[in-house]
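S.K.: The structure is given below, and queries will be raised subsequently.
The values are calculated or read from the model by the stated rules, or taken from the named source; none is laboratory data. A quick note: this is a predicted structure, and the numbers were derived from the prediction, not measured. Because the Cβ atoms are built from the backbone with ideal geometry, glycine has one as well, and the counts that use them run over all protein chains shown.
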Ligand code: BGC
């Protein structure tokens, strides 16, 4: 059975919003009104997304697209013939992972994984220090498994916007999420990794593929289900990739294999709206969140939908209501007033309450925030968590619906998804599924949890890269 995550048992309805004080109720509605997106607005966003995809693919676009539409050079999906031992690196969150994967007749028969923490000092320090650390982790991993002497091919998942010049070349366009290292933007991440490996002089690995985590997720999804055509990450950050007709992709600096029909395109959908095309849905809360983010004025869409930001959005709404004296009797706590004081994990907990018609979690969260609350406050906080979730689900769904329409496949397309937000939120998948059906009526699709696409997918991609290189 495929691990399809969409469950029909989970209700998609909002919480019942009962606010006893009519003045508070009006103030609340006015405060959150801008977060509610009508179907008409959503369809308009879908149209813009499609235009931006086209612009991003053009060689000489009449105007700049906010979507990078990067060629990944991956033109094949796993077909059950992948063989061998591969190293995989996964960098993108606060953990860095090294994996050893063994494939036999396309099946994963062995997997060793080790996590290494990437402290803030490394995430915000100099790039050379970061890559030296990655090389050190590879060495330690190999030593632990008695593999230091072995020559191993390596797939590198580097989950940031890259301009790929081939399967094994990816120039960093900009940092996102929690990274901002000096000296890497504009540089080839594979070269920086290779340089760090050579500086050590005690490693014998060949970096043969660099990929984005969405690509890894699509590949891992295709390993689980051959109908897979889209990869989506909903975690700290967000992004999607899909299988495009090769004739639509015009940049092939790294060479195109004759007869190539399809190729995976990394949309970098997190940057959707960076040119201002989505400003009509931007609320004061979004503007404030952006102003105080690590990388302001970039990754507009990601800031509407992903795990790094949803909790903070909810917090900003609560702070405004406290200032208007319509929440917590107008008294905020130090935790509530501190950026980052309300995390996306809290949203998942409170949404679970809404599903279960309970108030247990919301009470735990509000106690943790050290605020005094009454029944109205509980209802308002639940509604805020629903609203930011619902907006995120709608925005993700409209991009997926647009991709499905564009792919125009007669059969069902499987959308492989991974990422902490998707996995931990109790009903984001239910909402996304519902909205895709609404925005792309009649399109057949299913959402599939493709866990660890950025790890296993990197191993599989390294195996595919070996096969593709032999064809070039
Ligand atoms: C990055 C993407 C990545 C996504 C999910 C975004 O911030 O730009 O490349 O796929 O996060 O990790």
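S.K.: Please go through the stretch 406-446 and pick out each residue that is assigned to a strand (DSSP E or B) and surrounded by fewer than 22 Cβ atoms within 10 Å (Cβ to Cβ).
M.R.: 413, 446
S.K.: On to the next question. Quick check, is residue 287 part of a helix (DSSP H, G or I) and either within 15 Å of the ligand (Cβ to nearest atom) or over 30 Å from residue 54 (Cα atoms) (or both)?
M.R.: no
S.K.: Also, I was wondering about something else. Within the stretch 261-280, how many residues turn out to be outside any loop (DSSP other than H, G, I, E, B), more than 16 Å from the ligand (Cβ to nearest atom), touching a helix residue (DSSP H, G or I) at 6+ places or on another chain (Cβ under 7 Å) and closer than 22 Å to residue 176 by Cα?
M.R.: Within the stretch 261-280, residues that are outside any loop (DSSP other than H, G, I, E, B), more than 16 Å from the ligand (Cβ to nearest atom), touching a helix residue (DSSP H, G or I) at 6+ places or on another chain (Cβ under 7 Å) and closer than 22 Å to residue 176 by Cα number 0.
S.K.: Could you please let me know if residue 461 is crowded, with 22+ Cβ neighbours inside 10 Å and closer than 22 Å to residue 269 by Cα?
M.R.: yes
S.K.: If I ask for residues that are surrounded by fewer than 18 Cβ atoms within 10 Å (Cβ to Cβ) and over 28 Å from residue 123 (Cα atoms), which ones from the stretch 263-276 would you list?
M.R.: The answer is 276, and nothing else.
S.K.: Quickly run through the stretch 77-99 and pick out the residues that are surrounded by fewer than 20 Cβ atoms within 10 Å (Cβ to Cβ) and away from the ligand (no atom under 16 Å from the Cβ).
M.R.: The answer is 77, 79, 80, 81, 83, 84, 85.
S.K.: Out of (1) in a strand (DSSP E or B); (2) at pLDDT below 95, what's the single condition that is false for residue 99?
M.R.: For residue 99, the exception is condition (2).
S.K.: Still on this structure: Among the residues of the stretch 286-328, write down those that are farther than 14 Å from residue 274 by Cα, under 21 Å from the mean Cα position of the chain (by Cα), in contact (Cβ under 8 Å) with a residue 60 or more places away in the chain and surrounded by 20 or more Cβ atoms within 10 Å (Cβ to Cβ).
M.R.: 305, 306, 307, 308, 310, 313, 314
S.K.: Assuming residue 403 fulfils every condition listed in (1) in a helix (DSSP H, G or I); (2) under 25 Å from the mean Cα position of the chain (by Cα); (3) within 22 Å of residue 11 (Cα to Cα) apart from one, which condition is it?
M.R.: Answer for residue 403: the failing condition is (3).
S.K.: For the stretch 342-356, indicate whether the set of residues that are within 16 Å of the ligand (Cβ to nearest atom), at pLDDT 95 or above and either closer than 28 Å to residue 93 by Cα or surrounded by fewer than 21 Cβ atoms within 10 Å (Cβ to Cβ) (or both) is non-empty.
M.R.: yes
S.K.: Moving on. Report, by residue number, each residue of the stretch 71-80 that is part of a loop (DSSP other than H, G, I, E, B) and touching a strand residue (DSSP E or B) at 6+ places or on another chain (Cβ under 7 Å).
M.R.: 72, 73, 74, 75
S.K.: Go through the stretch 184-200 residue by residue and tally those that are in contact with a helix residue (DSSP H, G or I) (Cβ under 6 Å, 6 or more places away or on another chain) and over 22 Å from residue 237 (Cα atoms).
M.R.: Of the residues in that region, 5 qualify.
S.K.: Separate question: Having 1 or more residues that are closer than 25 Å to residue 10 by Cβ is the bar; report the helices (runs of 4 or more DSSP H) wholly within the stretch 333-392 that clear it.
M.R.: Fully inside the stretch 333-392 and qualifying: 344-356, 360-369.
S.K.: Further question on the same structure: I'm trying to understand the selection: among the residues of the stretch 29-70, which are under 28 Å from residue 381 (Cα atoms) and either in a loop (DSSP other than H, G, I, E, B) or modelled with pLDDT under 95 (or both)?
M.R.: Within the stretch 29-70, 36, 37, 38 qualify.
S.K.: Let me ask something else. Taking residue 112, is it in a strand (DSSP E or B) and touching a residue at least 60 places away in the same chain (Cβ under 8 Å)?
M.R.: So residue 112 fails the test.
S.K.: If I filter the stretch 245-260 down to residues being closer than 21 Å to residue 50 by Cα and either touching a residue at least 60 places away in the same chain (Cβ under 8 Å) or within 16 Å of the ligand (Cβ to nearest atom) (or both), which single residue comes out as surrounded by the fewest Cβ atoms within 10 Å (Cβ to Cβ)?
M.R.: Per the stated criteria, the residue is 250.
S.K.: When the stretch 220-244 is examined, which residues are found to be touching a strand residue (DSSP E or B) at 6+ places or on another chain (Cβ under 7 Å), away from the ligand (no atom under 16 Å from the Cβ) and closer than 16 Å to residue 452 by Cα?
M.R.: 222, 224, 225, 228 - these are the residues of the stretch 220-244 that are touching a strand residue (DSSP E or B) at 6+ places or on another chain (Cβ under 7 Å), away from the ligand (no atom under 16 Å from the Cβ) and closer than 16 Å to residue 452 by Cα.
One line per residue, one yes/no per condition, for (1) touching a strand residue (DSSP E or B) at 6+ places or on another chain (Cβ under 9 Å); (2) away from the ligand (no atom under 16 Å from the Cβ):
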residue	(1), (2)
157	yes, no
167	yes, yes
171	yes, no
174	no, no
181	yes, no
186	yes, no
194	yes, yes
200	no, yes
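S.K.: Checking residue 132 against (1) at pLDDT 95 or above; (2) touching a strand residue (DSSP E or B) at 6+ places or on another chain (Cβ under 7 Å); (3) more than 16 Å from the ligand (Cβ to nearest atom); (4) under 24 Å from residue 100 (Cα atoms), which single condition isn't satisfied?
M.R.: (2)
S.K.: Related question: Kindly indicate whether any position in the stretch 134-142 is farther than 19 Å from residue 208 by Cβ, surrounded by fewer than 21 Cβ atoms within 10 Å (Cβ to Cβ) and over 26 Å from the mean Cα position of the chain (by Cα).
M.R.: yes
S.K.: Give the number of residues within the stretch 387-422 that are within 16 Å of the ligand (Cβ to nearest atom) and in contact with a strand residue (DSSP E or B) (Cβ under 7 Å, 6 or more places away or on another chain).
M.R.: Counting residues in the stretch 387-422 that are within 16 Å of the ligand (Cβ to nearest atom) and in contact with a strand residue (DSSP E or B) (Cβ under 7 Å, 6 or more places away or on another chain) gives 11.
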